[in-house]
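This report concerns only the one structure given below.
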Amino acid sequence: MTQDSRIGIVIIGVALLLYFCLIPLGIEQPGAEWKGGIGVLKNVALSARLFPIILTIAIGVFGVSLTLGDLFKKRKMLRETSEPRMKIEYRTLIIIGVLVGYYLLLSRIGYLYATIPMLGILMYCFGMRSWIKIILVAVTLPLLLYLVLGKIMLMPLPTGILPMF
Amino acid sequence: MLTAITDAFLSVLNPVSIGAILLGVPIGMVIGAIPGLGGTIGMAIFIPFTFTMPTAVAIPFLLAIYRSTTYGGSVSAILLRIPGTPEAAATLLDGYPLAKQGKAGKALGLMLYASMIGDVLSDLILIMLAVHIAKMAMKFGPAEYFALLVFSLSIIGTLTGKSIIKGMLAALFGLLLATIGMDPIIGVPRFAPLSIFELCKGLDFIALLVGLFGMSEVFIQADKEMAAFFGSTKIIEDSPNREDRRTSWTELKSQLVNIFRSGMIGTFIGAIPAAGGSIACWIARGVAERSSKHPEKFGTGSLEGLAAPEAANSAVHGANLIPLLTLGIPGNAPAAVIGAALMMKGIVPGPLMFQHHTDVIYSLYASLFIINAIIFTQAVSWFNRSARYFVSFPRGLIFPVVAIFCFLGTYLVNNSMFDVATMLIMGVFGYFLRKTGFPIPPLVMAFLLGGMTENRFRQALKISGGNLSIFFTSPLSLFFVVLTIIFLGTMTFREWKQRSKPTPKT
């Protein structure tokens, strides 16, 4: 099974989840007459579920097309072309983790104290190995932004429990 | 009208607006020159900072970034054989050989003139046509508008990316994300549980934009080889011959027909939603090659091969604004950002802008010409000489800074950590979309158009009492429906034929 087929199946699953679960639970249908347990609206244009349902059906149809399109490819083509597997570098996962940590720290300790170490860590993750450059940029840039945005332009930056100057 | 135009120029010719353009142009040039960034990412990073700016400052600032990134991208294509933006890929084919011959100055000069002429041409066409298209659009009812939006979204979904199905899926997901929040007609929450009350106002467009373009690019760059992070590239030296370092008037004159023709191609293609510079440049180059007396010189440093794509991809700038201003449908992702910026200021792009906000329209026109003039002066005065150093910036420095800007910019729009979380989630989502071959622009543009699309659809149904035939009984609506079916059918057939072709044996 190719990558596209797997993605197609996931998309079909998402569409079914939307149709049977997320839309009925996530969107109210006020004003509906409940006939046999199914809400029926007199004026369908008033239904908040109408457009999401249409989109969900369309997503399901395209998901099926994506899956079947791959399955019906000529065997010759499947032998000749090998679709590269989606490869995710560990570095990318680490950087995602670092940025999630940055998000959590931002609201807790504030912009300046969170950004300085995080910028340094990110630069190291992206391959910078000169500690002088890392420290210089990681300290100078957030400070500069803090002064220009926070003190001169008086834009409110994220604050936390640690005091700002 | 002359008074309005004069007033518009005067409104932009104030120190603050000029200052914003003077700041935006070098930002855009540097961003464009750095491979991996581009106009949309540049605008996405800086749009949050325009939130507190007046409209007459914010829009010129963003337009300045947009226009100058294309120029910056072409510079790195010529000097380093690395297109800074996708549109610069065609420029590289003749620009880099010229630079290798020691004629980098000539290449940069001709590129600058071709860009300026292409830009001015499309700006003039925008000014002449926009008001007429807007008048036509005023006659559209909800059914016609909905059919037009579906047609536009089908173009956006099919022309961006390599797979029609994935492009359409991206557009559909964008429309679905736009339904999060309060229902616009009856006011019930949709996909917004009470425990996450921030969802009631829907996903913030800026957070989505910054995440999908800016943050996802950071993750994509993180995937690249470590060596890519050390931008050490050989810098090409110029020839000692003065004639090789500049474009002569004779050379420019010989390219004027080519430049005008390519500018018209770029304008026409740019006016079609989603068909942007990355398509226009190749078509213009192809036409120039077929019309050339020396087609064999293309790819070896031909001035025609350089001027044609440059004029075309610059002409796209003004043309992209035509559907945005007249119909409210962005021509491409950067135009979508301009649309978002206008909406942030309480101005809804569309035909009613020409009635209620003519001052904004004329100011926008005026700023287009002023931006061109400033790009020209900055390119000549310092950028062309120093671009080679920006291109060599280590990525290990650039992308962490981009990430921090993404966080800070998103927070500053609404002072909301929820928006920052949205941005980060969208960044991860965008990363996986790109890894699996799904294009981002259809998702973003569909999200922007989602509210309008649903409103028109439901308004049409209310008028018809729930009868879908309203979309087929109106001649204009039927026209767009048929056009959509023909377009989707043609593109699907072409893709199927492409995929059915046996792979050539090597």
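Computed over the alpha-carbon pairs of region B:1-130, the distance histogram in 5 Å steps reads 2, 11, 16, 19, 18, 14, 10, 6, 3, 1, 0 percent, short to long. Taking amide H atoms as placed 1.01 Å from N in the peptide plane, the amide H of B:Arg190 lies under 5 Å from those of B:Gly181, B:Met182, B:Asp183, each 5 or more residues away in sequence or on another chain.
Would you calculate the separation in nanometres between label points at B:Trp382 and B:Asn455, each defined as 7 Å from the Cα along the Cα-to-beta-carbon direction? The answer from the label model is 4.4 nm. Distance between the 7 Å Cα→Cβ label points at A:Ser130 and B:Lys162: 3.7 nm.
Placing unit charges on each Cβ (+1 for Lys and Arg, -1 for Asp and Glu) gives chain B a dipole about its Cα centre, and among B:Asn258, B:Leu412, B:Gln355 the Cα reaching farthest toward its positive end belongs to B:Asn258.
Assuming R0 = 41 Å, can you tell me the calculated FRET efficiency for the pair B:Arg242 and B:Arg290, based on Cβ-Cβ distance, to the nearest 0.05?
Efficiency for this residue pair is about 0.75.
Computed from the C-beta positions of A:Glu89 and B:Thr473 and an R0 of 45 Å, the FRET efficiency is 0.25 to the nearest 0.05. Using 1/(1 + (r/R0)^6) with R0 = 41 angstrom and r between the beta carbons of A:Val139 and B:Ile220, what's the FRET efficiency to the nearest 0.05? Approximately 0.90, to the nearest 0.05.
Scattering from the C-alpha atoms of chain B alone, worked out with Debye: what is log10 I(q)/I(0) at q = 0.07 1/Å? Listed by q, the Debye log ratios stand at -0.37.
Can you put A:Met153, B:Met215 in order of Cβ neighbours within 10 angstrom, beginning with the fewest? Intermediate results must be reported in sequence, preceding the final value.
Details: A:Met153 11, B:Met215 30.
If I rank by nearby Cβ atoms, fewest first, I get A:Met153, B:Met215.
For A:Leu154 and A:Ile9, compute 0.36 nm times the residue count separating them, minus their Cα-Cα distance, and round to one decimal in nm. Could you put the intermediate results ahead of the total?
Numbers: separation 145, 0.36 × 145 = 52.20 nm, distance 4.99 nm.
Answer, rounded to one decimal: 47.2 nm.
Full extension of the chain segment joining B:Thr250 with B:Phe369 gains 40.3 nm, where the gain is 0.36 nm per residue of separation less the Cα-Cα distance. For chain B, the 222 nm mean residue ellipticity estimated from helices alone, with every DSSP H stretch of n ≥ 4 adding -39500 (n - 2.57) and the total spread over all residues, rounds to -23500 deg cm²/dmol.
What is the extension gain from B:Phe51 to B:Val16, computed as 0.36 nm multiplied by their sequence separation minus the C-alpha to C-alpha distance, in nm to one decimal?
On the way: separation 35, 0.36 × 35 = 12.60 nm, distance 1.52 nm.
Full extension of this stretch gives 11.1 nm more.
With the highest mean first, a sort of the peptides A:99-109, A:55-65, B:85-95 on other beta-carbon atoms found within 10 angstrom per residue produces B:85-95, A:55-65, A:99-109.
Got a sec? How would B:Cys281, B:Cys406 order by Cβ neighbour count within 10 Å, fewest to most? Write down the numbers at each step before the final one.
Values: B:Cys281 32, B:Cys406 28.
Lowest count first: B:Cys406, B:Cys281.
If you take the alpha carbon atoms of the protein assembly as shown and fit the smallest convex hull around them, that volume is 173 Å³ per residue. Seen through its C-alpha gyration tensor, with square-root eigenvalues sorted a ≥ b ≥ c, region A:90-152 comes out oblate because a/c lies at 1.5 or above while a/b is not bigger than b/c.
Each value in this text was obtained by applying a stated rule to the coordinates, not by laboratory testing. Bear in mind that the values here come from a model prediction, so they are computed numbers and not experimental data. So basically every Cβ, Gly included, is an ideal-geometry build from the backbone, and we count neighbours across all protein chains shown.
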